[in-house]
Amino acid sequence: MSYQLLEQRFQQLHHLQHLQAICGWDQATMMPDGGNQARGAALAELALLHHQKLTSVEVADWLNTAENEELSDAQKANLHEMRRRWQNAALLPDDLVQARALAGSRCEHAWRGQRKNNDWKGFEPNLKVVVDLTREAAQIRAEALELSPYDSLIDLYEPGMTSNQLLRIFNDLKTWLPQIIRQAGERQSQYSPVKPEGPFPAGRQKSLGLHAMKMLGFDFNHGRLDISTHPFCGGVPEDVRITTRYNENDFMSSLMGVIHETGHARYEQGLPVAWRGQPVGEARSMGIHESQSLFFEMQLARHPAFLHRMAPLIKQHFGDQPALEADNLIQLYSRIEPGFIRVDADELTYPAHIILRFEIEQALIEGKIQVHDLPEVWNTKMQQYLGLSTKGNDAMGCMQDIHWTDGSFGYFPSYTLGAIYAAQFAGAIERDIGNIGDLIASDNGLSLIFNWLKNNVWEKASLLSTDELICQATGEPLNTQWFRHYLEQRYTML
């Protein structure tokens with residue numbers, strides 16, 4: 001059967017993805033600088049091999065023949081995902097795929113040092129190559145899929161989502177989010193939390209993070225924690241690699257970063273084993289992926305009940321001081337203050353960082369602005385949305401993220417979509433099994449929450465569309481009012 005041949009081919013592709021993921025993890029965490037050129041060439045070769053095996057003539061023939069074979073509903077869903085992935089890859093010529101991989105590897109590696117040195121002039125030429133190649137790929141995809149160039153990139157991360165839909169969602173947030181931010185600011189002015197006094201040795205921070213990962217059910221037999229310039233979750237479900245970075249003057253950011261990546265990891269580890277190695281067994285979308293990391297970080301780890309559980313552990317690692325009391329940590333972890341760095345942003349101002357990037361990406365990919373314009377455009381929008389200036393400080397501005405270095409344009413909207421999904425899942429959990437705070441405080445409440453996520457999100461993988469998954473899990477399509485309700489409860493009514 002052609003379908004069986006397709007399953008075998010996609011299992012082979014999964015093995016190649018495994019190698020790519022671990023090589024990429026090593027490049028970001030352990031590889032010596034001198035190995036980058038050779039590693040970049042090796043990864044580009046792997047990307048080309050993966051592309052050729054996916055887009056070969058026989059795969060197209062198998063896809064067409066398999067349409068007429070007798071398949072189960074799950075196999076039909078898998079075939080649909082196979083065709084989508086084949087189409088995404090087959091649209092691009094081999095030389096463009098290899099050129100993008102080489103340019104991305106070169107740009108990302110150079111960015112690590114260039115960002116530290118605020119070296120926009122050094123970064124700009126590398127980024128320009130990445131953007132030019134991404135535009136070329138986007139144009140090819142747009143013509144074939146009858147989408148705008150930027151929408152064709154969004155579709156890679158959020159199948160079915162468009163910039164017009166995102167614009168409606170973001171415009172809705174703009175109508176009520178500023179009021180919540182003002183109310184939260186008024187409320188927090190009544191408190192004066194104490195800042196923890198360091199230093200906080202990196203080794204102890206890692207130990208604390210490992211304790212949190214264990215509490216949250218991370219499977220250490222199939223994953224590990226390491227250090228990188230930019231925190232991420234990579235690898236494959238059988239071998240999940242998460243990373244963080246440590247600041248010995250501030251343990252709070254790293255702790256939440258580890259918990260955030262643990263949410264990604266639990267999703268990967270919870271994907272259905274029966275469909276491992278097949279497209280339908282992979283994560284539904286980046287927005288759903290981000291919903292899991294944000295659920296772990298925001299709905300769980302920043303909840304007062306969770307911080308009451310964590311406070312004794314934190315004291316064990318860093319000593320007893322007033323700043324480490326649970327009530328003080330609760331206030332610190334709910335502080336609202338506009339900042340330059342997206343990954344450090346509080347929950348209320350974070351969407352502004354995403355809207356800013358969404359607007360810049362769309363204009364950049366569609367040629368309305370050029371790479372040379374980025375520092376000025378970024379500064380203008382930063383002042384518009386967050387009241388901050390990045391003029392002359394591109395390391396805190398348009399150079400701060402890793403995503404553009406490898407051409408991952410269209411990815412950023414997934415972060416705020418994930419926040420909305422996470423709040424909607426939280427509402428469904430409270431409807432189905434009880435108050436989240438009470439569950440966190442109980443002996444087996446976290447396990448009940450994880451079982452709900454496993455049954456309603458993780459094991460669904462890509463068997464359903466995003467809309468179907470959300471509707472089945474929560475009883476309705478994406479609804480920003482769940483996000484609004486959650487933010488009001490968390491920041492204005494406690």
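Bear in mind that the values in this text are calculations on the coordinates, not laboratory data. Keep in mind it's a predicted model, so treat the numbers as computed, not measured. Neighbour counts run over all protein chains shown; Cβ positions are idealised from the backbone, glycine included.
Remarks
- Each label was represented as a point 7 Å from its Cα along the Cα-to-Cβ direction; for L388 and I140 these points are 3.8 nm apart.
- Over the chain, dividing the summed -39,500 (n - 2.57) contributions of all DSSP H runs of at least 4 residues by the number of residues returns a 222 nm mean residue ellipticity of -21000 deg cm²/dmol.
- Once the Cα atoms are used to define both axes, helix 252-270 deviates from the longest principal axis of the chain by about 40 degrees.
- D226 long-range amide H proximity, modeled H, under 5 Å: I242, T243, T244
- Peptides ranked, highest mean first, by Cβ atoms within 10 Å: ranges 409-417, 157-165: 409-417, 157-165
- On full extension, the segment bounded by A41 and Y191 gains 48.6 nm, given 0.36 nm per residue less the C-alpha separation.
- Helix 2-29 vs. the chain, principal-axis angle (Cα, 0 to 90°, nearest 10): 50 degrees
- Principal-axis analysis of the Cα atoms of the chain puts helix 57-66 at an angle of about 80° to the longest axis.
- For the range 2-90, a simple Cβ point-charge model (Lys and Arg +1, Asp and Glu -1, everything else neutral) yields a dipole of about 220 debye relative to the Cα centre.
- At 1.567 mPa s and 4 °C, Stokes D of the chain from Kirkwood alpha-carbon radius, µm² per second: 55 µm²/s
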